[in-house]
């Protein structure tokens, strides 16, 4: 993947850790300049270390993607430092779960504010920037999930939010095709990110399981036999952002060890 993104400027949301951080590292190795956004006022230690090793090619901008004005400021600050944004890795998301009959409006609002509203308006505003700047060969990579491919009794809002991401990916791809800007998605399976500690604890609560048991079970249930690592998403993320994928748009690629067949 060395230098396949040379000359590109990638904006990544939700990139202070987990998949977003891993992809930021891969984009930098592939030659891109990267603007990384997350909600924390300061970068995480892991992101700080990455910034220290790429001081000329990486910047961090705290951003709450549920706030339209902050998205506008992010796009302005990103382009001021590294020029026109050519690539968006649209990754910011949160997770929560509860039995369907116990799930309340507050949980719904919280999940949809980040995973759907935030993802859509980040995409919309970056696409508007690309069109205004005349970016040719621009690429958006939206992060969906295998949860968006099916319902789950305990995870209704999260599943619905990721299904919305897949749908918005298709609609945006059609809207941007005349501008020669591609919009695709990645649908990860179970990935061993820091978020899984919280996910496992919630499943332990609602399914009456010992801590760690759900994580073990879902890993063993993957056809390849194990949970993925954040770095397992990097190959697809670099490919979809690169010119090698110049004839691919409106697709959501499953990167899940065989969990979903489509």
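The values are calculated or read from the model by the stated rules, or taken from the named source; none is laboratory data. Everything numeric here is computed off the predicted structure, so don't read it as measured data. Every residue, glycine among them, receives a Cβ derived from its backbone with ideal geometry; neighbour counts consider all protein chains shown.
Answer yes or no as to whether residue 182 is more than 20 Å from residue 19 (Cα to Cα) and free of Cβ contacts under 8 Å to residues at least 60 places away in the same chain.
Against the criterion (more than 20 Å from residue 19 (Cα to Cα) and free of Cβ contacts under 8 Å to residues at least 60 places away in the same chain), residue 182 does not qualify.
Where the second residue is part of a loop (DSSP other than H, G, I, E, B) and modelled with pLDDT under 95 and the first is more than 15 Å from residue 81 (Cβ to Cβ) and lies in the stretch 7-18, which pairs have Cβ atoms under 6 Å and are six or more apart or on separate chains?
17/194; 18/193; 18/194
Do we have any residue at all in the stretch 159-172 that's out of contact with any strand residue (DSSP E or B) (no Cβ under 6 Å at 6 or more places or on another chain), modelled with pLDDT of 95 or more and over 22 Å from residue 255 (Cα atoms)?
no
Here's the yes/no breakdown for (1) closer than 20 Å to residue 234 by Cα; (2) surrounded by 15 or more Cβ atoms within 10 Å (Cβ to Cβ):
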residue: 71; (1), (2): no, yes
residue: 84; (1), (2): no, yes
residue: 87; (1), (2): yes, yes
residue: 105; (1), (2): no, no
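So residue 105 ticks every box in (1) farther than 18 Å from residue 8 by Cα; (2) in contact with a helix residue (DSSP H, G or I) (Cβ under 8 Å, 6 or more places away or on another chain) but one. Which box is left unticked?
Going through the list (1) farther than 18 Å from residue 8 by Cα; (2) in contact with a helix residue (DSSP H, G or I) (Cβ under 8 Å, 6 or more places away or on another chain), residue 105 breaks only (2).
Tell me the residue from 172, 128, 163, 147 that is farther than 24 Å from residue 199 by Cα, free of Cβ contacts under 8 Å to residues at least 40 places away in the same chain and in contact with a helix residue (DSSP H, G or I) (Cβ under 9 Å, 6 or more places away or on another chain), please.
On inspection, the qualifying residue turns out to be 128.
Which members of the stretch 3-20 meet the condition of being surrounded by fewer than 24 Cβ atoms within 10 Å (Cβ to Cβ) and in contact with a helix residue (DSSP H, G or I) (Cβ under 7 Å, 6 or more places away or on another chain)?
Passing the criteria: 4, 9, 17, 18.
Kindly evaluate residue 123 against the criterion of being surrounded by 17 or more Cβ atoms within 10 Å (Cβ to Cβ), outside any strand (DSSP E or B), in contact with a helix residue (DSSP H, G or I) (Cβ under 8 Å, 6 or more places away or on another chain) and at negative phi.
For residue 123, the condition - surrounded by 17 or more Cβ atoms within 10 Å (Cβ to Cβ), outside any strand (DSSP E or B), in contact with a helix residue (DSSP H, G or I) (Cβ under 8 Å, 6 or more places away or on another chain) and at negative phi - is met.
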